[in-house]
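Scroll down for the structure; my scribbles are underneath it.
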Amino acid sequence: MMRNRIFGGIGVVWGGVILLSGLVPKTTEASASYSSGQLVGYVVGGLMLVVGGYYLVSGGKNIPNDSGPSGER
């Protein structure tokens, strides 16, 4: 549980930094492919922020365990 919260916090920070990097003014014009890559990066950063926030708050305690009753997979 604690590991999930730690990784959730890392995801929130990393995703937030990715999204904040979009607010920094760019000095040069980017090509179309570079702009597409930036857009995909912002989407991934947003997903990291949302999913990391979920794990930070809940700790992943609602996730079922795949192991059987004896702990074997």
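Can you tell me which of 28-34, 12-18 comes out highest on packing, and rank the rest after it, using the mean Cβ neighbours within 10 Å? Mind dumping the intermediate values first?
On the way: 28-34: 7.9, 12-18: 16.6.
In descending order of packing, they fall as 12-18, 28-34.
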Label Ile6 and Thr28 with points 7 Å out from Cα along Cα→Cβ: what is the distance between them in nm?
-> 4.0 nm
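Readers should treat all values here as calculations from the given coordinates under stated rules, not as data from a laboratory. Owing to the predicted nature of the structure, the values given are computational and were not obtained by experimental measurement. Don't worry about glycine lacking a Cβ; one is built from the backbone with ideal geometry, like all the others, and counts go over all protein chains shown.
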